[in-house]
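Worksheet for the structure shown next.
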Amino acid sequence: MLSGTTEEFDRHFGALLRGYRQRALLTQEELAGLTGLSARTIRRLEFDQIRRPRTTTVRMLASQLGLTAAEQTALAAAAERNTAESTAAEPAVPPVRARGRDELPADIVDFTGRSELVAEVSRALVDEVGTGCLVSDLGTTRVISITGPPGVGKTALAVRVGHLLRPHFPDGRVYLDLHGMADRPLGADEALNRLLRWCVGADVVLPDDVEERAALFRSTLADRRTLIVLDNARTEAQIRHLLPGGGGSAVLLTSRQPLAALDGLIRFDLGVFSPGEAVDLLARILGEDRVAADRTAAAEIADLCGNLPLAVRIAGARLSARPHWTLRRLADQLADEHRRLDTLSIGDRAVRSSIGLSYRALAPRTRQLFRLLGAFTEVDVPAWVAAAALEVAEPEAEDLIEDLVDARLMAACGSQRQPRGRYDMHALVRLYARERYLADEPEADRKPAALRVIGGWLDLAERAQARLPGGLPRIGTGNGQRWPAPVGVTADALANPMDWFETERLALVSAVETACTLGLDELAWDLTGCLGRFLELRGHFDLWRSVLERALAAVRPAGNRRGEAHLLRGLAEVWIDVDEYNKGLDCLNRSLKIFKELREPLAEAHVHRAIGALERMRGNNAAAARRLELALGAFSENDDRIGLADTLFSLGALRRDQGRDDEALAYYEQALRIEDQLGNRFNQGLLMCSIGSSLIAQGRLNEARAALTRGLTVAGENENVAAFAMAFLGEADALAGDTDTAASHLAAALEIFQRARDRYGEAVTLRILGELHRIRCEFDQASKMLDRALELWDQIDAPHWRARTLVSLGLLELSQGNRSAARAAWQSAEDLFARLQTTERKRVSRLLRGIDMV
């Protein structure tokens, strides 16, 4: 039994504490819970590994153990005896230095943003329960890691936190640059030397063994509150010996690598600035007035710097040193990709050298992957691209690309729900990678790697587009080399091709650009041909035109006539989709001329069909009929069911325009049977819309509504087809007297067409809306709808639909008693129908006779 006897006064502190704890029937963990200390600290105290127990700690232990006054005195005496023995055993260690020594670099005056992250890192070093004491007071050293890519401001953040927490570390703050990205990083032994000299003085003779130095370092800091900032760490081994063992000290380290092998590390990852923060930094460097004078240029500078703090700071420094420069001048310089990294350099600061430190630290194979990905990509990509670039298995490629992520030269993106990882490069890092590609990549390795990467995209796109619904059909393929993508990647693409194309849309366009840049013209046009159907279905007309024109610029100098013909045919479809009929016809005629030269009759037939459809829309019905009959014969002879269905569809539309609705329906139904066999839901939906429109013209409203409802169902996610179905449903509803349902359908259709900037669909819907408002006697609204429809028909040169709209306008005028205005509108419509040679002229003639008889 322990009771404060003379024998107890002679015992070591650790043995005495252990005896009192065991007498109280407490485990080390239970005592830790009562005192707020850690179980590790209790163990170290009991084994006399903490040679100078704090007075406050001794009192807290005595209180929780229920010691008598004599026992408390015995425990305190043992603690003092431990301290005296420790001092005698370690004569090389001088008394503790004066409190508050500070070696942190100066805080940055214009430190910008990061307020939330600064607060989070600070809270991680301070007790979160609000007691105001350090978590490390409880016996655990907090080690906080700030990671991030080069130039993101890790050091600045660590220094800012260190200065803010000065009151919490009264025994000082030490800063040590470990030069982790240098060719010769600071070793653990030299780092310990520097830290110990800061702790105990420069004159002390230190142990030779690194383990002994680490133990001395831990014991020296055991009863101090010191913040240790370790900057630019590279590996876990470099810093493992530099961590205090407990007490009130804490470590704040920065690193580009994740340092995942360190136990208990609390990690904070630092990203680039938001656009607003980047502009704010420019304003703090240059002054708010100078930035406010051209905030657009300031935003461009920030964007061209990729919102990377180092780059923005360098840009600000260059402008600060040149007060006669405008922000626009620097923005224009940065816009030149070939000069951007040169521009982002001043004095001893340069974005290029900052990235270069990470690049030089990579293994040779990883360096090569970095160069190739930078050269062949513009956007985030899946891991198989790395496998193609290096011609290795996908698991090996993923390991190498993850090495780039660890080096912060790439970033993983996407979500955990995606079955396969995706990776991206910062814009400035990609520029550096391209520089290294041109400087370091052997000429012999460049083209084969590019052929594999672009060939992989071609293989996937070709397979996926074959499973898309209607839209522009492929009428020929090129001889571009295919590279088989991994089986799992191909399965993902084919499982949902529309989603796959949407996900990879920009990556595919980037692959076309790479092919053009490297002179791979056959791959360029072949891959572009795989994109048309998807881009048309989703209404990405500007992007579609851009990629077609870029590929054309590559195939023409190469003399690739076949590629040029296919690209011209695709470009024609874009112009037609955006109602630029003259431009579309020009492209089709040039495409047809080349296909004739190359003697490709089926390709010619597809172009004849396209010209026939376009001539119909322009009101040239005779020319349309000739072209469509030519195409129909060629497709029938060669059993080309896709071409045959498209041509029958166009012939049905021609007969509908000519007022021959029975013939139109017969053509539509033939086409529908073929499309049902092909499983082409897109064209099925369009055909149901056309069938519904013809049935409306015959007054068969119930049948029309049934066909249009089916068309709406078949349309699925294709908004364009759904919008036409709703527009014609609205017309049938209005004629059937269900004006409220008609209004709902027409409003939905108009919203889709206007959002898609589809002037043809918008004008069709406006004409029907005009009819609806006339039926409701809402004459002002009806007039606005019809006038706007006429404007659109004039813009896109669609005389047939203009004539139909004039008929509606005449009915509106007559409803208001304006007989002369009605007659003028119908006379104009009759003249147009006569020129178009359509039987719809007969209906207008009857209307004119009727008004003359009144």
Check your understanding: What do the square roots of 5 times the Cα gyration tensor eigenvalues come to for region 368-492, in whole Å, largest first, as semi-axes of the equivalent ellipsoid?
Key -> 26, 18, 13
Review point. Counting only residues 5 or more places away or on other chains, whose amide H sits under 5 Å from the amide H of Cys413 once H atoms are built in the peptide plane?
Key: Arg422, Tyr423, Asp424
Exercise for review: Please tell me the relative contact order of the chain in percent, rounded to the nearest whole number, where contacts are Cα pairs under 8 Å and at least six residues apart.
Suggested key: 6
**Study point:** Residues with amide H under 5 Å from that of Ala383, placed H, sequence gap 5 or more
**Key:** Gly421
**Study point:** Most to least packed among 60-71, 230-241, 564-575 [average Cβ atoms within 10 Å]
**Key:** 564-575, 230-241, 60-71
Check your understanding: What's the carbon and sulfur percent of the chain's accessible surface, probe 1.4 angstrom, rounded to a whole number?
Key -> 50
Revision key, fill the gap. Residue separation between His338 and Lys593 times 0.36 nm, minus their alpha-carbon distance, gives in nm 87.8 nm
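Please report, largest first and rounded to whole Å, the three semi-axes of the ellipsoid equivalent to region 602-718, where each semi-axis is the square root of five times an eigenvalue of the C-alpha gyration tensor.
Semi-axes (√(5λ), whole Å): 23, 17, 11.
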Study note, to complete from the structure: Projected onto the charge dipole of the chain (unit charges on the beta-carbon of Lys, Arg, Asp and Glu, signs +1, +1, -1, -1), the Cα from Thr226, Leu25, Leu334 with the largest positive-side position is that of Leu334
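Please compute the contact order of region 688-760 in relative form: average sequence separation of alpha-carbon pairs under 8 Å and at least six residues apart, divided by the residue count, as a percent.
It comes to 26 percent, rounded to a whole number.
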Check your understanding: Summing -39500 (n - 2.57) over the DSSP H runs of n ≥ 4 in the chain and dividing by its residue number, what mean residue ellipticity at 222 nm do you reach, to the nearest 500 deg cm²/dmol?
Key -> -21000 deg cm²/dmol
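How high is the relative contact order of region 434-572, in percent, with contacts defined as C-alpha pairs under 8 Å that are six or more residues apart?
Dividing the mean separation by the residue count of region 434-572 yields 27 percent.
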Revision key, fill the gap. Residues whose built amide H sits under 5 Å from the amide H of Asp177, excluding neighbours closer than 5 in sequence, are Asp231
Revision key, fill the gap. The lysines whose Cα lies under 23 Å from the Cα of Lys583, excluding any fewer than 8 residues away in the same chain, are Lys593, Lys596
Review point. Sorted by packing (mean other beta-carbon atoms within 10 Å per residue), highest first, where do 331-343, 212-224, 174-186 land?
Key: 212-224, 174-186, 331-343
Practice item. Please list 530-537, 281-288, 775-782 highest first by mean number of surrounding beta-carbon atoms within 10 Å per residue. Key: 530-537, 281-288, 775-782
Check your understanding: When the Kirkwood radius is taken over all Cα pairs of the chain, what Stokes-Einstein diffusion coefficient follows at 25 °C and 0.890 mPa s, in µm²/s?
Key -> 73
Point to revise | Whether region 733-787 is rounded, prolate or oblate, judged on the alpha carbon gyration tensor where a/c under 1.5 counts as rounded | key: oblate
Point to revise | Prolate/oblate/rounded label for region 264-324 (Cα gyration tensor, a/c 1.5) | key: prolate
Review point. Measuring with a 1.4 Å probe in the full set of protein chains, what accessible area per residue, in whole Å², belongs to region 541-635?
Key: 39
Exercise for review: Using a cut-off of under 20 Å, list every residue of region 650-672 whose amide N is near the label point 7 Å from the Cα of Thr839 along the Cα-to-beta-carbon line.
Suggested key: 650-671
Point to revise | Per residue, in Å², the accessible surface of region 185-309 once ligands and nucleic acids are set aside, probe 1.4 Å | key: 39
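The values are calculated or read from the model by the stated rules, or taken from the named source; none is laboratory data. On a predicted model such as this, the values are computed, not experimentally measured, just so you know. When we count neighbours, we look across all protein chains shown, and the Cβ atoms used for this are built from the backbone with ideal geometry, even at glycine. Areas reflect the complete protein model, heavy atoms only, side chains present, ligands, DNA and RNA absent. Shrake-Rupley method; radii C 1.70, N 1.55, O 1.52, S 1.80 Å.
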